[in-house]
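> My questions will all concern the structure given below.
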Amino acid sequence: MPGQNQHPKFQMSQNPSPPIDQQTLARLEQRLGHVHARQRLGIEHDHEAVFGHGRSFFHPENWYSSHTLFKAALKFTGLYAVGQRNAQKIRILTNPVPLPNLPSAFHNFTILHITDLHADLNPEPMHRLALILPGLQYDICVLTGDYRGQTFGPFDAALETLRRLRAHIRTPVYAVLGNHDSIRMLPAIEDMNIRMLMNESIPIARDQHHIHLAGVDDAHYYRADNVHQAAHAIPPGTVSILLSHTPEIYRQAAHAGFSLMLSGHTHGGQICLPGSIPITLDASLPRALGAGPWTYASLTGYTSVGVGCSIAPVRFHCPPEITLHQLIRPADSSKAAPANAT
Ligand SMILES: [Fe+2]
């Protein structure tokens, strides 16, 4: 954006995004409002800085040279092929979610949760996911961000892969953006019949009862989230689910009264020590919230380790996943199956 501050010392992008066209800008401003659209675009313009933005100080995903070094080190040690094979073994996890106040009409309501595709960087996992999707049973699907491999540059390849996957996912599909996604991707994703939740909520009806689904823009790097705006239209005391790419806003979500938060971002560490111990989560977050189910105050949460990889298409001691969240009334929770892998 013209007039925005630049950080020439830390400009790491080798392939910056092209200027936005007026038609896309007008569509974003109409969809999001002038402030949200201009703010997100402006921060994207600054975003190649490795240090000092977002919730954490260091952003290795923005440091292009680290990707090449990392891959070279893995290939030198012979671990690259092993990590690639690990990254293709997508697990299908079931997560029972007991929720007080859940209307009986929503007992066993199932949410397919897919996150962190990094679609252009992970062609083989995307192919395997396309084979898995038609066999799944669920009521709605949610996508919690990071469709693009890099945090900058072109996004057409990621969108094309998402478009192919979308053909295998039943409607309705709801989504939020992650810290690897440009706001410019939003019109194309909505054109795929994916409802983006940009600091807003929608009611979901069943037999004249409602639960509410909200979503926020990326809170990790762009900090374009607005939890109270997302929660504004949700009646107090009703079951409400928040989609946030990063779980780092767990406190805000809990105290805003959300019942459940679904997130990704951490990749569970992606490169872990034996025992699934992450080396880094790239998040300002207690480790207990880095992967799988968790609770904070009255908030139930789940952090998916995601499908794809970033920086390099490898995983160690942290296999990829898609998750089926099964909402249950607490009185019936003993009947639900425990979390498991299939
Ligand atoms: Fe990611």
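> What number comes out for accessible area per residue over segment 81-341 if the probe is 1.4 Å? Units Å², please.
For segment 81-341, the solvent-accessible area averages 36 Å² per residue.
> Multiply the residue separation of residue 202 and residue 160 by 0.36 nm, subtract the distance between their alpha-carbon atoms, and state the gained length in nm to one decimal.
Working it through step by step, the gained length comes to 12.4 nm.
> Right, next: Leaving ligands and nucleic acids out of the surface, order 296, 147, 80 by accessible area at 1.4 Å, largest first.
Reading off the accessible areas and sorting them downward yields 296, 80, 147.
> Separate question: Can you give me the long-range amide H partners of residue 204? Hydrogens built in the peptide plane at 1.01 Å from N, cutoff under 5 Å, separation of 5 or more residues or another chain.
Placed amide hydrogens put 211, 212, 213 under 5 Å from residue 204.
> Assign one of three labels to the chain, namely rounded, prolate or oblate, based on the Cα gyration tensor with a ≥ b ≥ c the square roots of its eigenvalues; rounded applies when a/c is under 1.5, prolate when it is not and a/b is larger than b/c, and oblate otherwise.
oblate
> Quick one: how many Å² of residue 202 are accessible to a 1.4 Å probe, rounded to 10?
Residue 202 exposes around 20 Å² with every protein chain in place.
> Where both residues lie in the chain, what percent of DSSP beta bridges are antiparallel, nearest 5?
40
> From the phi angles alone, apply the Karplus equation (6.51, -1.76, 1.60; θ = phi - 60°) to segment 111-117 and give each ³J(HN,Hα) in whole Hz, x where the residue is Gly or Pro.
Taking θ as phi minus 60°, the curve returns 10, 7, 10, 10, 8, 6, 5 Hz for segment 111-117.
> In terms of solvent-accessible area of protein heavy atoms at a 1.4 angstrom probe, what is the ranking of 43, 211, highest value first?
43, 211
> Give the residue from 137, 232, 309 lying farthest towards the positive end of the charge dipole for segment 81-341; charges sit on Cβ (+1 for Lys and Arg, -1 for Asp and Glu) and the dipole is referred to the Cα centre.
Positive-most Cα among the choices belongs to 137.
> Over segment 202-342, with every protein chain in place, what whole percent of the accessible area is carbon and sulfur at 1.4 Å, could you tell me?
Taking all protein chains in place, segment 202-342 shows 56 percent carbon and sulfur surface.
> Using the crude model of +1 on Lys and Arg Cβ and -1 on Asp and Glu Cβ, and no other charge, please compute the dipole size for segment 81-341 relative to its Cα centre, in debye to 20.
580
> Sort segment 222-274 into rounded, prolate or oblate with this rule: let a ≥ b ≥ c be the square roots of the eigenvalues of the Cα gyration tensor; rounded if a/c is under 1.5, and if a/c is not under 1.5, prolate when a/b is larger than b/c, oblate otherwise.
Cα axes put segment 222-274 in the prolate bin.
> Calculate the spin-label point distance for residue 69 paired with residue 171, positioning each point 7 Å from the Cα along the beta-carbon direction, and give it in nanometres.
Distance between the two pseudo-spin positions: 4.8 nm.
> Turning to a different aspect of this structure: How many percent of DSSP beta bridges within segment 191-342 run antiparallel, rounded to 5?
Of the beta bridges lying entirely in segment 191-342, close to 55 percent run antiparallel.
> Then there's this: Which Cys in the chain stand alone, with every other cysteine's Cβ at 4.7 Å or more from theirs?
Unpaired cysteines in the chain: 141, 309.
> Quick one: grab the alpha carbon gyration tensor of segment 196-342, order the square roots of its eigenvalues as a ≥ b ≥ c, and give me rounded if a/c is under 1.5, else prolate or oblate depending on whether a/b is larger than b/c.
It comes out oblate by the Cα gyration axes.
The values are calculated or read from the model by the stated rules, or taken from the named source; none is laboratory data. Quantities reported herein were computed from a predicted structural model and do not represent experimental measurements. Methodologically, a virtual Cβ is constructed for each residue, glycine included, from the backbone with ideal geometry; neighbour enumeration extends over all protein chains shown. Side chains included, ligands, DNA and RNA excluded: accessible areas come from the protein's heavy atoms. Shrake-Rupley method; radii C 1.70, N 1.55, O 1.52, S 1.80 Å.
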